[in-house]
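Each remark here refers to the structure printed beneath this line.
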């Protein structure tokens, strides 16, 4: 069975409409995956809708004819709350979690956050992270564009995570994340909190427990924040049944 590639489109097209793909997507279609007139692809608006389409010409730009819309599979039922770290590491986490299908990454500020960017600096950085996530989602064929939100204080994050869905990742955890996630059967949704490079403070760990979050470890070693985030997300996707699901 031949893989069907997906390309982002805006605004949402109408059935029967002929749509020209972007320069990057046209190059990908013609030169990377070598699609030809008559081949099938899919279009997505990044908000959960898909349109089957047939290649009319490879251009540039590539032109496709649009079919009837259908709903895309639901986004991954995992949210990631990540403490501030070096921006290159955050870029990596956003890129890889977008490939894995996460709908949202939230950057949080904690007691041990070393430097919080001002409003203008954060606006520029958020725009870059959005571009990184969009490119990764497009490359991996996701039907949902990831959202990047921040900078949210630790206390506000605790307040917004529904009871029973929260997992704070810390070496002081009572159980491993896989064991905690499976304790009540396959969880419907999981919200993961991963600290900054210096980790969470004792007070923050205690506050998380008081708010009903499970404090979980990933293993016997202390991982870098970006490694911990990607390991935790992978374990959570497996626990929620996302890995192996039809896309």
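The values are calculated or read from the model by the stated rules, or taken from the named source; none is laboratory data. Everything numeric in this text was worked out from a predicted model, so none of it was measured. Cβ atoms come from the backbone with ideal geometry, glycine included; neighbour counts cover every protein chain shown.
Would you confirm whether any residue within segment 149-156 is at pLDDT below 95 and under 21 Å from residue 136 (Cβ atoms)?
Scanning segment 149-156, I find at least one residue that is at pLDDT below 95 and under 21 Å from residue 136 (Cβ atoms), so the answer is yes.
Which of the residues belonging to segment 1-31 are part of a loop (DSSP other than H, G, I, E, B) and under 14 Å from residue 140 (Cα atoms)? Working first, answer last.
Going residue by residue through segment 1-31, those that are part of a loop (DSSP other than H, G, I, E, B) are 1-5, 9-17, 21-22.
Once the filter is applied, which keeps residues that are part of a loop (DSSP other than H, G, I, E, B) and under 14 Å from residue 140 (Cα atoms), segment 1-31 yields 3, 4, 5.
So if I check each of 79, 137, which one is within 30 Å of residue 50 (Cβ to Cβ) and in contact with a helix residue (DSSP H, G or I) (Cβ under 6 Å, 6 or more places away or on another chain)?
Values: 79 fails: in contact with a helix residue (DSSP H, G or I) (Cβ under 6 Å, 6 or more places away or on another chain).
Exactly one of 79, 137 is within 30 Å of residue 50 (Cβ to Cβ) and in contact with a helix residue (DSSP H, G or I) (Cβ under 6 Å, 6 or more places away or on another chain), namely 137.
Residues that are at pLDDT 90 or above, farther than 15 Å from residue 102 by Cα, touching a helix residue (DSSP H, G or I) at 6+ places or on another chain (Cβ under 8 Å) and assigned to a loop (DSSP other than H, G, I, E, B): does segment 225-246 have at least one?
no
Within segment 67-79, does at least one residue satisfy the condition of being surrounded by 15 or more Cβ atoms within 10 Å (Cβ to Cβ) and on the phi > 0 side of the Ramachandran plot?
So the first thing to find is which residues in segment 67-79 are surrounded by 15 or more Cβ atoms within 10 Å (Cβ to Cβ), and the list is 67, 69, 72-73, 75-79.
Subsequent filtering for residues that are on the phi > 0 side of the Ramachandran plot retains none.
The answer is no, given that none of the residues of segment 67-79 is surrounded by 15 or more Cβ atoms within 10 Å (Cβ to Cβ) and on the phi > 0 side of the Ramachandran plot.
Does at least one position in segment 101-122 carry a residue that is under 30 Å from residue 42 (Cβ atoms), surrounded by fewer than 17 Cβ atoms within 10 Å (Cβ to Cβ) and modelled with pLDDT of 90 or more?
No, there is no match, as no residue in segment 101-122 is under 30 Å from residue 42 (Cβ atoms), surrounded by fewer than 17 Cβ atoms within 10 Å (Cβ to Cβ) and modelled with pLDDT of 90 or more.
Just need a number here: residues in segment 1-24 that are surrounded by 19 or more Cβ atoms within 10 Å (Cβ to Cβ) and modelled with pLDDT under 90.
Step one: filter segment 1-24 for residues surrounded by 19 or more Cβ atoms within 10 Å (Cβ to Cβ), giving 6-9, 13, 21.
The next check asks that each one be modelled with pLDDT under 90; those that pass are 6-9.
Residues meeting the conditions: 4.
Which residues, counting only those in segment 137-158, are under 21 Å from residue 83 (Cβ atoms) and in a helix (DSSP H, G or I)?
Restricting attention to segment 137-158, the residues satisfying the condition of being under 21 Å from residue 83 (Cβ atoms) are 146-158.
Across segment 137-158, the qualifying residues are 154, 155, 156, 157, 158.
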